[in-house]
Amino acid sequence: MATTSTTQGADAPAAAAADERSAAAHLARNLAALRHARGLTQEGLARGAALPRSTIANLESGTGNPSLVILVKVAQALGVPIDELLASPRASVRRWRAADVAFRVKGRGVTIRDLVPEPVPEEMMEVLDFAPGAAMAGTPHLPGTREFFTCLDGRVHVTVAGERHWLASGDVLAFPGNLPHSYHNGDALAPARGVSVVVFAKAGV
């Protein structure tokens with residue numbers, strides 16, 4: 001038993017070092033790709049981030065060990081969240097069968113499933129299926145959050161801060177996500193469907 005614990009303890013530093021190398025490799029690849037996509041040189045990105053060019057070069061070579069402050073500056077200069085800089089590679093093509101996409105039921109007769117099964121930084125996108133007469137309350141978010149609801153089928157009324165808005169197929173409603181809001185399929189006979197997109201407030205804004 002003691003031997004196993006000793007072995008596991010010895011493996012921990014090696015695993016941590018491997019994780020650091022992997023994170024550095026992800027950062028190097030993503031940083032170079034994002035910089036090239038914006039037509040920036042290392043010098044141009046360094047100026048935008050108020051950092052030495054050597055810092056950008058070190059990060060892209062995978063040898064840098066950046067602080068959180070440096071990551072924030074680089075992410076802001078590129079206009080992306082930090083997690084996009086550190087993201088691991090994803091398969092370029094992936095298929096989810098309908099049965100594999102998670103769903104939940106909320107309120108009275110509203111089924112919700114993810115529109116995009118993979119995490120999307122600073123956004124939440126969901127498909128809402130309303131049974132006849134279904135209704136649910138929305139979840140208020142932080143000030144600065146913006147919500148968009150697109151009615152795909154049927155008619156849905158969305159109440160925001162006490163004001164009711166009727167949406168027919170193709171209509172889009174935008175509103176501050178921190179206000180109290182709710183959804184209701186006013187048709188007692190036919191279902192309705194819509195897409196909700198929530199763009200979260202950025203930290204510190």
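The values are calculated or read from the model by the stated rules, or taken from the named source; none is laboratory data. None of the values given here were measured: they were computed from a predicted structure. Neighbour counts are summed over all protein chains in view; Cβ atoms, including those assigned to glycine, are modelled from backbone coordinates with ideal geometry.
Under the condition of being under 23 Å from Ala98 (Cα atoms), surrounded by 15 or more Cβ atoms within 10 Å (Cβ to Cβ) and over 26 Å from the mean Cα position of the chain (by Cα), the residues counted in the range 116-169 number 3. Filtering the range 170-188 down to residues that are part of a strand (DSSP E or B) and polar (S, T, N, Q), which residue is farthest from the chain's Cα centre (by Cα)? Per the stated criteria, the residue is Asn185.
Would you be able to say whether some residue in the range 68-88 is touching a residue at least 24 places away in the same chain (Cβ under 8 Å), among the small types (Gly, Ala, Ser) and farther than 30 Å from Gly44 by Cβ? Within the range 68-88, none of the residues are touching a residue at least 24 places away in the same chain (Cβ under 8 Å), among the small types (Gly, Ala, Ser) and farther than 30 Å from Gly44 by Cβ. Among the residues of the range 129-164, those that are within 13 Å of Phe200 (Cβ to Cβ) and either at pLDDT 95 or above or in contact with a Gly (Cβ under 6 Å, 6 or more places away or on another chain) (or both) comprise His141, Thr145, Arg146, Glu147, Phe148.
Here is a yes/no grid of residues against (1) without any contact (Cβ under 8 Å) to a residue 40 or more places away in the chain; (2) assigned to a strand (DSSP E or B); (3) in contact with a Cys (Cβ under 9 Å, 6 or more places away or on another chain):
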{"site": "Glu126", "(1), (2), (3)": "no, yes, no"}
{"site": "Ala135", "(1), (2), (3)": "no, yes, no"}
{"site": "Pro143", "(1), (2), (3)": "no, no, no"}
{"site": "Arg164", "(1), (2), (3)": "yes, yes, no"}
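Scan the range 30-48 and give yes if some residue there is buried (at least 16 other Cβ atoms within 10 Å of the Cβ), of a type in the set (S, T, N, Q) and free of Cβ contacts under 8 Å to residues at least 60 places away in the same chain, otherwise no. Yes, the conditions are met somewhere in the range 30-48.
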